[in-house]
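These notes concern the structure reproduced below.
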């Protein structure tokens, strides 16, 4: 169910600004992230993803959040297998994701490991769940980041040509192993961190903001 921000008072998130319950913070964090899938107007719909470039430097880009599985700590987004992002994640699968909602003054940072899925059942299911417009870019003749003489016109491929883009489509599954929450409030800022190790419950602790 989408978060009702209109019910929030004094820019507070889904937990009381002075809560001492880390469980409430973690539940609120996942609720906000999950909202980013169902509500395209949510600030959590377009997270920033950071990875390591081929030159060893950090690089960032915005992605569309396509799915969240709270139980398994999984986030999903898509990429083109011809992109630099795909090449980077193939070599360095550790990534970081950043979310910030100014309306509730809340930042969430995640550390995760990326799994790349090409032409397998998971990729097929993700492709079939995508709208035709979302599939369009994968059918482009020129891959992302290739130098061109001028910006190309919007393509108008046939349905068959759009479907051929599946060969370039990659589902990225990000398995979260660290989550950090920061909420700014006049009554006192909050910062908390959660770490997962294997199948054990997360370790949780408050941090100085």
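Scan 43, 103 and give me the residue that is surrounded by fewer than 14 Cβ atoms within 10 Å (Cβ to Cβ), at pLDDT 95 or above and assigned to a loop (DSSP other than H, G, I, E, B).
Going through 43, 103 in turn, the sole match is 103.
Taken together, the residues in the range 162-178 that are more than 18 Å from residue 27 (Cα to Cα) and in a strand (DSSP E or B) amount to 6.
Being in contact (Cβ under 8 Å) with a residue 40 or more places away in the chain and within 14 Å of residue 72 (Cα to Cα) is the filter here, so list the residues in the range 167-209 that pass it.
Keep residues of the range 167-209 that are in contact (Cβ under 8 Å) with a residue 40 or more places away in the chain, which gives 167-188, 190, 192, 194, 196, 202, 204-206.
Passing the criteria: 173, 174, 175, 176, 177, 178, 179, 196, 202.
Condition check for residue 113 on (1) under 19 Å from the mean Cα position of the chain (by Cα); (2) closer than 29 Å to residue 90 by Cβ; (3) crowded, with 16+ Cβ neighbours inside 10 Å: one failure, at (3).
Of 181, 127, which residue is touching a strand residue (DSSP E or B) at 6+ places or on another chain (Cβ under 9 Å) and part of a strand (DSSP E or B)? Walk me through it before giving the result.
Values: 127 fails: part of a strand (DSSP E or B).
Matching residue, one of 181, 127: 181.
Of the set (1) surrounded by 15 or more Cβ atoms within 10 Å (Cβ to Cβ); (2) touching a residue at least 24 places away in the same chain (Cβ under 8 Å), all apply to residue 93 but (2).
Among the residues of the range 136-145, just one is in contact (Cβ under 8 Å) with a residue 60 or more places away in the chain and either loosely packed, with under 14 Cβ neighbours inside 10 Å or outside any loop (DSSP other than H, G, I, E, B) (or both), namely 145. Filtered by the rule that a residue be in contact with a strand residue (DSSP E or B) (Cβ under 7 Å, 6 or more places away or on another chain) and in a loop (DSSP other than H, G, I, E, B), the range 53-96 gives 53, 63, 64, 65, 66, 73, 81, 92, 93. Only a single criterion out of (1) at pLDDT below 90; (2) assigned to a helix (DSSP H, G or I) is not satisfied by residue 152, namely (2).
The values are calculated or read from the model by the stated rules, or taken from the named source; none is laboratory data. What you see is a predicted model; the values in this text were computed from it and never measured. Quick reminder, even Gly has a Cβ in these numbers, built from the backbone with ideal geometry, and neighbours come from all protein chains shown.
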